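The values are calculated or read from the model by the stated rules, or taken from the named source; none is laboratory data. A quick note: this is a predicted structure, and the numbers were derived from the prediction, not measured. Positions of Cβ are generated from backbone atoms using ideal geometry, with glycine treated the same way; all protein chains shown enter the neighbour counts.
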Amino acid sequence: DAGVIQSPRHEVTEMGQEVTLRCKPISGHDYLFWYRQTMMRGLELLIYFNNNVPIDDSGMPEDRFSAKMPNASFSTLKIQPSEPRDSAVYFCASSFTSGKLFFGSGTQLSVL
Amino acid sequence: GNSVTQMEGPVTLSEEAFLTINCTYTATGYPSLFWYVQYPGEGLQLLLKATKADDKGSNKGFEATYRKETTSFHLEKGSVQVSDSAVYFCALMGIYGGATNKLIFGTGTLLAVQP
């Protein structure tokens, strides 16, 4: 298996633009997680899905953030409009309920 | 709520030195405990885990023992190598009603090993 695949690897955008981050989990995994990593706040869980259903979105910072999982093999995290303080590395991770998370390589987002 | 506290870094050691990274947790019930490692430019990888009190997780020379009496899960390695330089995250997962809950991470500790 290729592991968790995220795209793009790097994204540079201007304030106010819409940003869409993509994730393909490992086939067969039933949990998908979106994390944000910054120097100031460390690794924060934004939202997670179980069997494509959002279970806990309490970490989503505000209404500008939204996440979807239309099927078992794809998820998106959208920020609209983006702001400079959204600059971070966004990780997607998946698991098969075992507690062992497999992380993607992350998307480095820079909002100018 | 559940939380994890780990020592702030960076931790700078010489090769072959002994490593300890402290981690304590707060949780209801009996959580599972984990150490993840993040190498530069990569996502996190599971290093080791323990699922009940007194369990010892070990991998690649790293060890951590689940101590319920002190609510701790300190990471240790007897002799570090330059290739161990990375950020180490302590994490817990609580189990509520038999269902798996989310993984909660500490803030991470940067380890820098010098030759």
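Residue by residue, here is whether (1) assigned to a strand (DSSP E or B); (2) among the β-branched types (V, I, T); (3) in contact (Cβ under 8 Å) with a residue 12 or more places away in the chain; (4) within 30 Å of A:R9 (Cβ to Cβ) holds:
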| position | (1), (2), (3), (4) |
| --- | --- |
| B:T5 | yes, yes, yes, no |
| B:E16 | no, no, yes, no |
| B:T28 | no, yes, yes, no |
| B:Y36 | yes, no, yes, yes |
| B:A53 | no, no, yes, no |
| B:M93 | yes, no, yes, yes |
| B:V113 | yes, yes, yes, yes |
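The conditions of being assigned to a loop (DSSP other than H, G, I, E, B) and either under 14 Å from the mean Cα position of the chain (by Cα) or under 21 Å from B:G43 (Cα atoms) (or both) are not met by A:P54. Of the residues making up the range A:67-82, those that are surrounded by 14 or more Cβ atoms within 10 Å (Cβ to Cβ), part of a strand (DSSP E or B) and not charged (D, E, K, R) are A:A67, A:M69, A:F74, A:S75, A:T76, A:L77, A:I79. The set of residues from the range A:65-101 being within 11 Å of the chain's Cα centre (by Cα) and closer than 27 Å to B:P31 by Cα comprises A:Y90, A:F91, A:C92, A:A93, A:S94.
Pairs linking a residue in the range A:39-53 that is farther than 16 Å from A:F91 by Cβ to a residue that is surrounded by fewer than 20 Cβ atoms within 10 Å (Cβ to Cβ), with Cβ atoms under 7 Å and 6 or more positions apart or on different chains, are A:N50/A:D30; A:N51/A:D30; A:N52/A:N71; A:N52/A:A72.
Close Cβ contacts (under 9 Å, 6 or more residues apart or on different chains) running from residues in the range A:91-112 that are without any contact (Cβ under 8 Å) to a residue 40 or more places away in the chain and at the interface with chain B (Cβ under 7 Å from one of its Cβ atoms) to residues that are surrounded by fewer than 24 Cβ atoms within 10 Å (Cβ to Cβ) and not in a strand (DSSP E or B) comprise A:G99/B:T51. Considering each of B:T24, B:T20, B:T12 in turn, give the residue that is among the polar types (S, T, N, Q) and surrounded by 15 or more Cβ atoms within 10 Å (Cβ to Cβ). Only one candidate passes the filter, namely B:T24.
Conditions tested, residue by residue: (1) over 21 Å from B:K102 (Cα atoms); (2) within 11 Å of another protein chain (Cβ to nearest Cβ); (3) at pLDDT below 95.
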| residue | (1), (2), (3) |
| --- | --- |
| B:S3 | no, no, yes |
| B:Q6 | no, yes, yes |
| B:A17 | yes, no, no |
| B:N22 | yes, no, no |
| B:A27 | no, no, yes |
| B:P31 | no, yes, yes |
| B:Y39 | yes, yes, yes |
| B:L48 | no, yes, no |
| B:A53 | no, no, yes |
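Restricting attention to the range A:70-99, the residues that are in contact with a helix residue (DSSP H, G or I) (Cβ under 8 Å, 6 or more places away or on another chain) and of a type in the set (D, E) total 0. When each of A:R36, A:R9, A:R64 is tested for being surrounded by fewer than 16 Cβ atoms within 10 Å (Cβ to Cβ), charged (D, E, K, R) and within 14 Å of another protein chain (Cβ to nearest Cβ), the lone residue that passes is A:R9.
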